[in-house]
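Written below as structure tokens is the structure these notes are about.
The values are calculated or read from the model by the stated rules, or taken from the named source; none is laboratory data. What you see is a predicted model; the values in this text were computed from it and never measured. Note: ideal-geometry Cβ built from the backbone for every residue, glycine included; neighbour counts use all protein chains shown.
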Amino acid sequence: MAQDHYSSLGISRDASTDEIKRAYRKLARELHPDVNPDPKAQERFKEITHAYEILSDSEKRRSYDMGGDSGFAGGFGFGDIMDAFFGGGGSRGPRARVRRGQDALIKIDLTLQEAAFGAERELTVETAVTCDVCTGTGCAPGSSPTTCELCRGRGEVQQVTRSILGQMMTSRPCANCQGFGTTIKEPCGECAGDGRVRSRSTLQINIPAGIDDGNRIQLSGKGEVGPGGGPSGDLYVEVNIASHETLVRDGDDLHSPLAISMVDAALGTTVDIESLDGVLQVTIPQGTQSGTTIPIKGKGVTRLRGSGRGDLYVHVEVVIPTKLSEQEANLLRSFAQLRGDKERISVSNTAGGETGFFSRLKEVLGR
């Protein structure tokens with residue numbers, strides 16, 4: 001009995017080309033001799049391969065549907081099987097000589113002041129630019145690329161080998177033209193055929209107010225020119241913000257440590273502190289305790305996305321003296337008696353000072 005190719009693949013007689021391919025691909029994965037060594041599976045694999053060879057060809061399928069010869073013509077090889085598996089068919093074609101250039105990255109250092117309010121910077125960059133002599137073609141003046149003699153412009157060469165399943169065809173980039181399909185017999189003497197040369201240039205860049213450490217600014221089209229005079233990549237400028245002597249940044253807010261004596265904390269006072277806006281006067285209320293935070297609105301960093309500025313927070317630390325003279329000790333005892341304190345005042349051995357507190361503040365804020 002003649003083989004019913006549609007039944008072999010488990011499809012209807014009006015199945016589309018894609019449906020035929022999917023059905024064959026599914027069955028071939030199960031029945032291929034490399035996967036299933038059962039002799040019956042091998043016979044079944046030959047059967048579905050035969051069916052696919054007939055039904056995947058429009059002319060052969062039309063002849064088969066009309067009752068014509070359904071024999072195996074022998075022209076169906078392993079390369080066709082691979083096409084059915086991986087959607088092959090047709091050459092990939094030569095590579096384009098004109099391609100987009102690579103992106104570039106440059107890092108710059110900013111002060112906290114520049115990051116908070118924005119700035120302008122002049123950058124010197126060295127990158128690939130189009131060769132003026134050949135205008136990116138890579139060819140000497142008056143010449144042009146010629147068709148590769150080995151691959152005849154295809155950019156790839158094919159090799160055919162035979163196996164028990166038929167012919168197997170493989171393709172690889174042409175070694176003579178590196179897959180371009182053309183060769184440059186007379187390369188430009190300035191760029192050696194690359195179409196690009198290295199050049200140093202100066203760029204003006206605007207630093208937006210509120211930019212943070214690690215942020216990147218993208219300059220479109222300021223990266224390397226592509227091979228063959230292709231479009232340029234982008235230039236990315238990564239920001240590194242230097243530490244400030246007295247201020248610690250946390251998002252849009254700033255934090256400043258302030259060490260005061262226990263007398264100023266008890267009586268209250270006015271203290272000058274450094275800020276991004278210059279010297280600011282901070283009022284210390286009477287009886288301020290160590291660890292008190294005093295907010296100053298609108299004296300932080302400019303908001304990068306939004307309006308206004310963050311706040312400045314002043315963190316107060318009351319410094320207890322570690323050494324007292326006899327006269328100072330007597331005055332404190334008298335003070336304690338006036339207040340009716342029952343316990344003797346013990347002098348703290350914890351070292352104060354702005355430097356130590358500032359260091360601890362940075363640790364708390366993760367900076």
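Here are a few things to note about the model shown:
- Selected residue (criterion: modelled with the lowest pLDDT) from residues of the range 295-328 that are more than 15 Å from LEU254 (Cβ to Cβ) and outside any loop (DSSP other than H, G, I, E, B): GLU328
- Taking the range 258-279 as the range and being within 45 Å of the chain's Cα centre (by Cα) and among the polar types (S, T, N, Q) as the test, only SER275 passes.
- For the range 104-134, a tally of residues being at pLDDT below 90, charged (D, E, K, R) and either surrounded by 13 or more Cβ atoms within 10 Å (Cβ to Cβ) or assigned to a loop (DSSP other than H, G, I, E, B) (or both) returns 0.
- A search for C-beta distances below 7 Å between a residue of the range 23-46 that is touching a residue at least 40 places away in the same chain (Cβ under 8 Å) and under 15 Å from GLN3 (Cβ atoms) and any residue that is assigned to a helix (DSSP H, G or I) and among the aliphatic types (A, V, I, L, M), counting only pairs 6+ apart in sequence or on different chains, returns TYR24/LEU9; TYR24/ILE48; TYR24/ALA84.
- Look at the range 55-67: where a residue is among the charged types (D, E, K, R) and a partner is modelled with pLDDT of 80 or more, sitting 6+ places away or on another chain with Cβ atoms under 6 Å, you get LYS60/ILE54; ARG61/LEU55.
- Residues of the range 248-293 satisfying the condition of being β-branched (Val, Ile, Thr) and either touching a residue at least 24 places away in the same chain (Cβ under 8 Å) or within 25 Å of ILE211 (Cα to Cα) (or both): VAL248, ILE260, ILE273, VAL279, VAL282, ILE284, THR288, THR292
- Criterion applied to GLY221, GLY210, GLY278 was being closer than 30 Å to SER307 by Cα and either aromatic (Phe, Trp, Tyr) or assigned by TED's automatic domain parsing to the domain that holds GLY291 (or both), and the one residue passing it is GLY278.
- Restricting the range 46-77 to residues that are in contact with a Lys or Arg (Cβ under 9 Å, 6 or more places away or on another chain) and outside any loop (DSSP other than H, G, I, E, B), the residue that is modelled with the lowest pLDDT: ASP65
- Yes/no for VAL282 being of a type in the set (A, V, I, L, M, F, W, C), surrounded by fewer than 12 Cβ atoms within 10 Å (Cβ to Cβ) and at pLDDT 90 or above: no
- In the range 8-22, the residue that is surrounded by the fewest Cβ atoms within 10 Å (Cβ to Cβ) out of those that are in a helix (DSSP H, G or I) and free of Cβ contacts under 8 Å to residues at least 24 places away in the same chain is ASP18.
- Any pair with Cβ under 9 angstrom, 6 or more apart, that starts in the range 304-321 at a residue that is without any contact (Cβ under 8 Å) to a residue 12 or more places away in the chain and ends at one that is in a strand (DSSP E or B): GLY308/THR302
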